[in-house]
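The values are calculated or read from the model by the stated rules, or taken from the named source; none is laboratory data. Please read all numbers here as calculations on a predicted model, not as lab measurements. Every residue, glycine as well, gets a Cβ built from its backbone with ideal geometry; the counts of neighbours run over all protein chains shown. The accessibility values were calculated without ligands, DNA or RNA, using every heavy atom of the protein model including side chains. Shrake-Rupley method; radii C 1.70, N 1.55, O 1.52, S 1.80 Å.
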Amino acid sequence: MTSRTTALRRTPPLWLIPALWTLGLGLWGLSRQDSVWRDEAATWQAAMRSTSGLRALLSHVDAVHGVYYLLMHALFDWFGATTTTLRLPSVLAMAVAAACVTAIGGRLAGPWAGLGGGMVLGLLPAVQFYFQEGRPYALVAAAAGISTLLLVTLVQGRGGWGRWAGYAGAVLAGALLNWFSLLILPAHLATLAWSGAGRGVWARWAAASAAALAGALPLILFTSGQAEQVSWIPPLTWHMLIGPAVLLAIGGLGALADRPGAGRLSPASVGLPLLAVPQLGLVALSLVKPLFLDRYVLFSLLGLALLTGAGLGAAVRAAAPRFPTASKWLVPVLLAGTVAALLPQSLSKRSPESRVDDVLATTADIRRLKEPGTAVVFLPSARRDAKLVTPGAFTGLRDIALARGPLESGTLNGVEAEPALIRDMMLAQPRILLVTDAPEAARPEAERREKVKAAVLRDHFTVVADARVRGRRVALYERK
């Protein structure tokens, strides 16, 4: 065995560097000053329930996130309910995704392309937002990265049915976490067509994809009956398309830098479909039913990172003949400049103000303003998440609008009484503590219960104390 072979074996794998880099970025400011916003509060509430309680919840709402909630339930049981337990799985998952991008880029365009793409992924603003969140989107990105790496490996002729089974399993895992991730299948189909894959590859890919679809189909059919929970998503507008258009333009530049020939795998033939097809697919679906939220296709940014890495690799290759020493510093220098340029945004993403609201922000004000026997009203009822995440702060307060609790009703926030009964209960109170959204975070309320609450407080009560912090408002009302 030569000394060179021994040295290569001792060299850590290239993918480890972006994985550790992304892990470090994710751990930086992970607690966001111990804040939890409303979407994460839903995860927190679900994870704190028993398996039977969680099963009852998923029969009514959020079945699309059922597998993720079961995972978080297990982690909360093992490690305790903390913001670290809530968010660390997302950080680890994005580190896995960065490692996959590095492996794909290195395999297709050399080490600098792989290293550049893997390092860039953790710097993308949308990634920095969602890999510090207790929601499933970073885990979906990890599944997408694994399935894409396996596809590249298989198209290159490495591996048999075992890896095809792994590919089907990775696609299915992503679908069970959020079935919009199935948009990766047409992206992979475009890659196969672009790369001129052989008939045998097509047949095996079709079989693996069909198996993944069959596994996800029961969840898709069941959650179609819960479509009302995404009815708040606004219809598609032109300004919502600006972000995807910018991403596709940047990705297109990366693809031009790659200049792949026909009939071969390249960063362009893998990355551009991975970026473009999910984005355009979600836009097309949103023309039928409003569904466009960028987090649903967060995994498509792996394609952007791969294409960016290809551009960096091409720049290094172009500079190497004339500047062999300086070219080795090109990627590190560009990354350092990117880190510096994005530092204000990186700091902003790690602040509580980066989210719509903070469920925990009003805890101190609730403890300060409450008195034993005081009634509490939530407007809208979804703001009961503050009580469900921090029940100790509401000890001694009477939740007068609640008819059936969340566990009893198998819902996320419980079931409230009829509007007339809520009105009578409110009018019988001398003091009411209101937990609601701050004006900048509030949406117009269409439900009759919420309108009744607002009307009673406006017409029959006077505000005697008002605290607003991080998108939430707590106000103490006394009867006129």
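Quick notes on this one:
- Taken over region 440-453, the criterion of being open to solvent by less than 70 Å² (accessible area, probe 1.4 Å) and hydrophobic (A, V, I, L, M, F, W, C) is satisfied by A441, A442, V452.
- Condition check for L123: outside any helix (DSSP H, G or I), under 16 Å from the mean Cα position of the chain (by Cα) and surrounded by 19 or more Cβ atoms within 10 Å (Cβ to Cβ): yes
- Residue in region 129-141 that is farther than 20 Å from Y296 by Cβ, assigned to a helix (DSSP H, G or I) and open to solvent by less than 10 Å² (accessible area, probe 1.4 Å) present: no
- Filter pass, L306 being under 16 Å from I184 (Cα atoms), open to solvent by 60 Å² or more (accessible area, probe 1.4 Å) and either among the aromatic types (F, W, Y) or not in a loop (DSSP other than H, G, I, E, B) (or both): no
- The set of residues from region 391-406 being open to solvent by 30 Å² or more (accessible area, probe 1.4 Å) and either within 26 Å of the chain's Cα centre (by Cα) or among the basic types (K, R) (or both) comprises R398, R404.
- The helices (runs of 4 or more DSSP H) found wholly in region 1-101 and carrying at least 1 residues that are surrounded by 13 or more Cβ atoms within 10 Å (Cβ to Cβ) occupy 16-27, 38-47, 51-58, 66-79.
- Some residue of region 320-330 being under 14 Å from V120 (Cβ atoms) and either assigned to a helix (DSSP H, G or I) or modelled with pLDDT of 95 or more (or both): yes
- Residue within region 235-249 that is among the β-branched types (V, I, T), in contact with a helix residue (DSSP H, G or I) (Cβ under 9 Å, 6 or more places away or on another chain), open to solvent by 40 Å² or more (accessible area, probe 1.4 Å) and modelled with pLDDT under 75 present: no
- Yes/no for S346 being open to solvent by 20 Å² or more (accessible area, probe 1.4 Å) and in contact (Cβ under 8 Å) with a residue 24 or more places away in the chain: no
- Residues (at pLDDT 90 or above and either in a loop (DSSP other than H, G, I, E, B) or open to solvent by less than 20 Å² (accessible area, probe 1.4 Å) (or both)) located in region 263-275: L265, S266, P267, A268, S269, V270, G271, P273, L274, L275
- Taking region 419-439 as the range and being surrounded by fewer than 21 Cβ atoms within 10 Å (Cβ to Cβ), of a type outside the set (A, V, I, L, M) and touching a strand residue (DSSP E or B) at 6+ places or on another chain (Cβ under 9 Å) as the test, the residues that pass are P430, R431, D437, P439.
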